[in-house]
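See below for the structure under consideration.
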Amino acid sequence: MQAFVLSAPERLAAVDLAAPAAPGPGQVMVRVARVGVCGTDIHSYHGRQPFFAYPRRLGHELSGWVESVGADVVGLAVGDVVAVEPYLQCRQCGACRLGRYNCCENLQVLGVHIDGGMCERICLPAAKVHRADGLTVDQAVLVETLAVGAHSVGRAQLAPGEAVLVAGGGPIGLAVALLALAVGARVALLEPDASRRAVATRVLAGLAVPGSWLGSQAPPAATEAAAAAVRERFDGEAPTCVFDATGRRAAMEASFALPAAAGRLVLVGFQADRVSFANPEFHRRELAVLSSRNSTAADFGTVLALMRAGLVDAAAWITHRATPDAFPPSLAEWLVPGSGLFKGVLAWDAAVPRSRS
């Protein structure tokens, strides 16, 4: 089968691999339809991803069709459209025993710690393959990103009507905004990039849920102007919950100044460097600071239910796509500043199997 392997920074090439063996008990063979390119893949491509070793087959945002099932698999059948949960846990560490396997001490993420799904077929545990009936493969490939947003919203335990600020309007930030809106929060979104704001406008304009949106020329950081604009959006009050989805050190540090007293700051974006903050101000407002990592099967279920109900549809996110014959050079072009990339996908040249209803 054909696959794409990153052998060194900026050296991505097609390779021929042996097709995976038939699925064993409790396993499913997935014929890959779409592979999303996310920030993790881009950092890996440029050689800036921690915990990453070359060579590596990328790909953790996956959709496809069930091609075959092993013994003891229930709830999945050949032809089903599916979304893949790419986190493989040990089930033995303290986090796993608490049900928090998204931060398993021995976590293996497809495309990061182990080879991922940038290939024609992949064999996976059935528990990691979620039936996405009623969705297209373009929609299903975005379930993983949206589930990251669902997990962060769950970590924050948002209340209906709560004033929420999301700093950073990339795919993860927009996922957080959509899932916060879905639980009834009032949401403002700060994003300095015009092309990303354009995607947010398209996505949020068609929602049948109440909420608010704030486009800003200011960086997603706690400048006085940005903070004042956010307070104006929320009737003079500071947001009680702030999500930082920028992954940028300066913005993350500045976000400590944005929540209201007794509020929460949820760090969704990842930064390999140290992040610091002013301790007196942090204590004065008695802030709660949370991190949010990956997602769980329950988050996938939440997102799939919302997508089937038409409350969340991220299909407009896909701004760039390429077929396998053009993928490596296309990816290099996507990563050039000014390309307008929001979400790119690798689309395999495969006929769509018939799916059961």
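A short reminder: the numbers here are calculations on the coordinates, not readings from a lab. Keep in mind that what you see is a predicted model, and the values were worked out from it rather than measured. Here the Cβ positions follow ideal geometry from the backbone for every residue, glycine too, while neighbour counts run over all protein chains shown.
Rounded to the nearest 500 deg cm²/dmol, what is the calculated helix-only ellipticity per residue at 222 nm for the chain, with -39500 (n - 2.57) per DSSP H run of length n ≥ 4? If you can, show how the numbers build up before the last one.
On the way: 11 runs with 96 residues, N = 357.
Roughly -7500 deg cm²/dmol at 222 nm, from the helical runs in the chain.
Non-local amide H neighbours of V312 (under 5 Å, H modeled in plane, Pro and chain starts lacking H): which ones?
M307
What list do you get for S276, S63, S44, S330 if you sort them by fewest beta carbons within 10 Å? Each step should come with its number before you reach the end.
Values: S276 10, S63 28, S44 23, S330 17.
Ascending Cβ contact count within 10 Å gives the list S276, S330, S44, S63.
Whole-Hz ³J(HN,Hα) for each residue in the range 230-243, computed from phi via Karplus 6.51 cos²θ - 1.76 cosθ + 1.60 with θ = phi - 60°, x for glycine and proline: what do you get?
With coefficients 6.51, -1.76 and 1.60, one gets 5, 4, 5, 4, 10, 6, x, 9, 6, x, 7, 9, 10, 10 Hz.
Could you give the nm distance between label points at V336 and A225, where each point is 7 Å from its Cα heading toward the beta carbon?
About 3.1 nm separates the two model spin labels.
What are the ³J(HN,Hα) values, in whole Hz, obtained from phi via the Karplus relation 6.51 cos²θ - 1.76 cosθ + 1.60 with θ = phi - 60°, for each residue of the range 270-276 in sequence order, with x given for Gly and Pro?
10, 10, 6, 8, 6, 10, 10
Taking 7 Å along the Cα-to-C-beta vector as the label spot, tell me the A22-A127 distance in nanometres, rounded to one decimal.
Modelled inter-label distance: 2.5 nm.
If a/c stays under 1.5 just call it rounded; otherwise compare a/b with b/c (prolate if a/b is bigger, oblate if not). Do that for the range 145-291, with a ≥ b ≥ c from the square roots of the Cα gyration tensor eigenvalues. Before the final figure, lay out each step's value.
Working: a/c = 1.37, a/b = 1.30, b/c = 1.06.
Rounded.
Around A132, which amide H atoms from residues at least 5 apart in sequence, or from another chain, sit under 5 Å from its own amide H, with H modelled in the peptide plane?
For A132, whose amide H was placed from the backbone, the distant partners under 5 Å are V81, V82, A83.
Non-local amide H neighbours of G263 (under 5 Å, H modeled in plane, Pro and chain starts lacking H): which ones?
Distant-sequence amide H within range of G263: A288.
Pulled fully out, how much extra length does the chain show between R91 and V109, if you take 0.36 nm times their separation in residues and subtract their Cα-Cα distance? Display every interim value, and only then the final one.
Details: separation 18, 0.36 × 18 = 6.48 nm, distance 1.43 nm.
Taking 0.36 nm per residue and subtracting the Cα distance, the gain is 5.1 nm.
Starting from the Cα of A326, move 7 Å in the Cα-to-Cβ direction to define the label point; list residues of the range 11-43 whose amide nitrogen is under 14 Å from there.
In the range 11-43, the label zone of A326 (backbone N under 14 Å from the point 7 Å along Cα→Cβ) covers no residue.
If R0 is 41 Å, what FRET efficiency do you get for V289 and A53 from their C-beta distance, rounded to 0.05? Each step should come with its number before you reach the end.
Details: r = 31 Å, r/R0 = 0.75.
It comes out at approximately 0.85.
With a Förster radius of 35 Å, plug the Cβ-Cβ distance of M1 and L98 into 1/(1 + (r/R0)^6) and report the FRET value to the nearest 0.05.
On the way: r = 38 Å, r/R0 = 1.08.
So, using R0 = 35 Å, E works out to roughly 0.40.
Using θ = phi - 60° and the Karplus relation 6.51 cos²θ - 1.76 cosθ + 1.60, list the HN-Hα couplings for the range 115-124 in order, rounded to whole Hz, with x at every Gly or Pro.
Going residue by residue, I get 4, x, x, 7, 7, 6, 9, 8, 9, 9 Hz, with x marking Gly and Pro.
What nm distance separates the two modelled labels at V74 and A14, each placed 7 Å from Cα along Cα→Cβ?
Taking the simple label geometry, V74 and A14 are separated by 4.2 nm.
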